[in-house]
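Notes to accompany the following structure.
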Amino acid sequence: LQVAQGAGDEAGRGRALGQALAAAERTTRVVEQLLTLARLEHHAWRESAAAFDLHEVAREAIAGRADQAGAKRIALSLEGAAKTFATGHEGLAAIALGNLLDNAIRYSPPDSAVMVAVSREGKHACVRVRDEGPGIPKGRREAVLRRFTRLDDSGEEGSGLGLSIVSRIAELHGTPLALADAPAGRGLEATLRFPVT
């Protein structure tokens, strides 16, 4: 903002204001994620755990990121049956899936695809997010689930909190977040499982 104040022309002022706005948005995301972690640590979510439609949560998460994906020409798709119910906290499931989609879109190259698949597997309702990005090496998958850990060579901005929040939400629902190579051999597949009662 100080740079914008001292800019000698409109173009310089506009660039500086754009950078200030981007910094404010990054800060907001980090604060929101830290608040989410704090709420998870205090188990406040348990009071409102109930049955919810995992397919609908996935549909809404995809719809909310259509513009973000469109800017990179990334095709978003959703597979699986509607009315796939899980038990837990719908809001936390939406946060977890949203973080996985944000990462998939951020790290996927332009003109690629991100697929979300919802299914019922035994006593669990599952949601998988597959992308066509660089993936995460097997030796780094455990590390990236810790807070403030990022892949040094990613070249992408981030706080290193997204996957740690997803991991914590998965643990609170009884199963760990699973990271694997995408079936096509290119990209990452992240799987969340929620109990079914």
For this session: For the stretch 128-145, name all the residues that are part of a strand (DSSP E or B) and either on the phi > 0 side of the Ramachandran plot or open to solvent by less than 60 Å² (accessible area, probe 1.4 Å) (or both).
Result: Arg128, Val129
Exercise. Hey, among the residues in the stretch 105-115 that are out of contact with any helix residue (DSSP H, G or I) (no Cβ under 9 Å at 6 or more places or on another chain) and of a type in the set (Gly, Ala, Ser), which one's surrounded by the most Cβ atoms within 10 Å (Cβ to Cβ)?
Worked result: Ser112
Problem set entry | Some residue of the stretch 63-80 being of a type outside the set (Gly, Ala, Ser), at pLDDT 95 or above and open to solvent by 70 Å² or more (accessible area, probe 1.4 Å) | yes
For this session: Scan (1) at pLDDT below 85; (2) not in a loop (DSSP other than H, G, I, E, B) for the single condition Gly8 breaks and write down its number.
Result: (2)
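The values are calculated or read from the model by the stated rules, or taken from the named source; none is laboratory data. Only a predicted model underlies this, so the values are computations on that prediction, with no experimental measurement involved. Ideal geometry is used to build each Cβ from the backbone, glycine not excepted, and the neighbour counts take in all protein chains shown. Ligands, DNA and RNA are excluded from the accessible area calculation, which covers all protein heavy atoms including side chains. Shrake-Rupley method; radii C 1.70, N 1.55, O 1.52, S 1.80 Å.
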